[in-house]
Amino acid sequence: MLTSRKKKRFLSSLVSFSLLLATVGCSTPAPSATQPTGDSKSPQTKTEIFVSAAASMTDVLQDVKKEYETKHPEITLTYNFGGSGKLAKQIEQGAPSDLFISASSKDMKTLKDKSLIIEDSQTELVTNEMVLIAPKESTISIDSFEKITPETGKQFAIGEPSSVPVGRYTEEALTKLGLWEKMKPNMVYAKDVRQVLTYVESGNAELGVVYKSDALTSDKIKILATAKQDWHSPIVYPASLVKATQHQKEAQEFLTFLTTDFSKAAFEKYGFHPVK
């Protein structure tokens, strides 16, 4: 038999247990942090478009990117800037690229001949001019490519002709003027047109040849002269979808945007010219 004290302990324990059961039975479990509520929506995955573009397009395409991604929040544009020949070689070797914008028809033709672009998509976007530049504080006062001499350009920066279109155009122009062989010992070769600009800006080269669009981006250089169009091949920027693209529709939509009034105005702002 239970003693009076034991009865009291037993009854107290029984009451506590009953209260615990009542609390558990009446409460509704709160949803866990990972428990779906039925109202949440998964965020939309963005489509990334890889654009291989000539280095001379750097500034204008950054402006275009801001506008395009604002209007198309589902798209992310990723640029790979460089010499057109080098970019074409990367595409040949399987580097990811949805769209190729070249500073020369020759590098685009290289990919076309190897069936690496979608030919029906090819579009000529803009044209450009080639200019002779010097550091802003330079005392060199020549006003024509024809007046370039080994004495005036002891360090003469140009793009590497084998992979950089502006270097190829420079070789054509200087050959036309009978200056190529004379200037070769003084040449400093660059991996792309922006490196040519940097060499002249920094004073590491006394003269350099870049596109007019690149020269207009810098307040550290001055333009001495403009090359005549008949001295070199036409400076045209063709663009085309890469055949290996996994996002043909989205890449085509961006390429089409590059021909709109907004993009045309942006190209002109940076010194490019419309295709005639």
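The values are calculated or read from the model by the stated rules, or taken from the named source; none is laboratory data. These numbers come from a predicted model, not from an experiment. Using ideal geometry, Cβ is built from the backbone for each residue, glycine included, and neighbour counts are taken over all protein chains shown. We work out accessible area using only protein heavy atoms, side chains counted, and drop any ligands, DNA or RNA first. Shrake-Rupley method; radii C 1.70, N 1.55, O 1.52, S 1.80 Å.
Quick grid of which residues meet (1) outside any strand (DSSP E or B); (2) aliphatic (A, V, I, L, M); (3) in contact with a strand residue (DSSP E or B) (Cβ under 7 Å, 6 or more places away or on another chain):
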{"residue": "Gln44", "(1), (2), (3)": "yes, no, no"}
{"residue": "Ser52", "(1), (2), (3)": "no, no, yes"}
{"residue": "Ser56", "(1), (2), (3)": "yes, no, yes"}
{"residue": "Val60", "(1), (2), (3)": "yes, yes, no"}
{"residue": "Tyr68", "(1), (2), (3)": "yes, no, yes"}
{"residue": "Thr76", "(1), (2), (3)": "no, no, yes"}
{"residue": "Leu87", "(1), (2), (3)": "yes, yes, yes"}
{"residue": "Ser97", "(1), (2), (3)": "yes, no, yes"}
inquiry  = Restricting to the range 200-220, give me the number of residues that are surrounded by fewer than 22 Cβ atoms within 10 Å (Cβ to Cβ) and not charged (D, E, K, R).
reply    = 6
task = Please identify the pairs in which a residue from the range 43-72 that is over 25 Å from Pro165 (Cβ atoms) has its Cβ atom under 7 Å from the Cβ atom of a residue that is open to solvent by 10 Å² or more (accessible area, probe 1.4 Å) and in a loop (DSSP other than H, G, I, E, B), counting only partners at least 6 apart or on another chain.
result = Gln44/Glu74; Lys46/Glu74; Thr47/Glu74; Thr47/His247
message = Could you go through the range 104-123 and let me know if any residue there is surrounded by 22 or more Cβ atoms within 10 Å (Cβ to Cβ), polar (S, T, N, Q) and not in a helix (DSSP H, G or I).
response = yes
message = Looking at the range 156-179, I want the residues that are surrounded by fewer than 19 Cβ atoms within 10 Å (Cβ to Cβ) and have a partner that is of a type in the set (Gly, Ala, Ser) and assigned to a helix (DSSP H, G or I) with Cβ atoms under 6 Å, at least 6 apart or on another chain. Which pairs are those?
response = Pro161/Gly167
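Yes/no per residue for (1) at pLDDT below 95; (2) within 19 Å of the chain's Cα centre (by Cα); (3) β-branched (Val, Ile, Thr):
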position: Lys66; (1), (2), (3): no, yes, no
position: Gly82; (1), (2), (3): no, yes, no
position: Lys86; (1), (2), (3): no, yes, no
position: Ile91; (1), (2), (3): no, yes, yes
position: Ser115; (1), (2), (3): no, no, no
position: Asp120; (1), (2), (3): no, no, no
position: Glu124; (1), (2), (3): no, yes, no
position: Glu129; (1), (2), (3): no, no, no
position: Lys136; (1), (2), (3): no, no, no
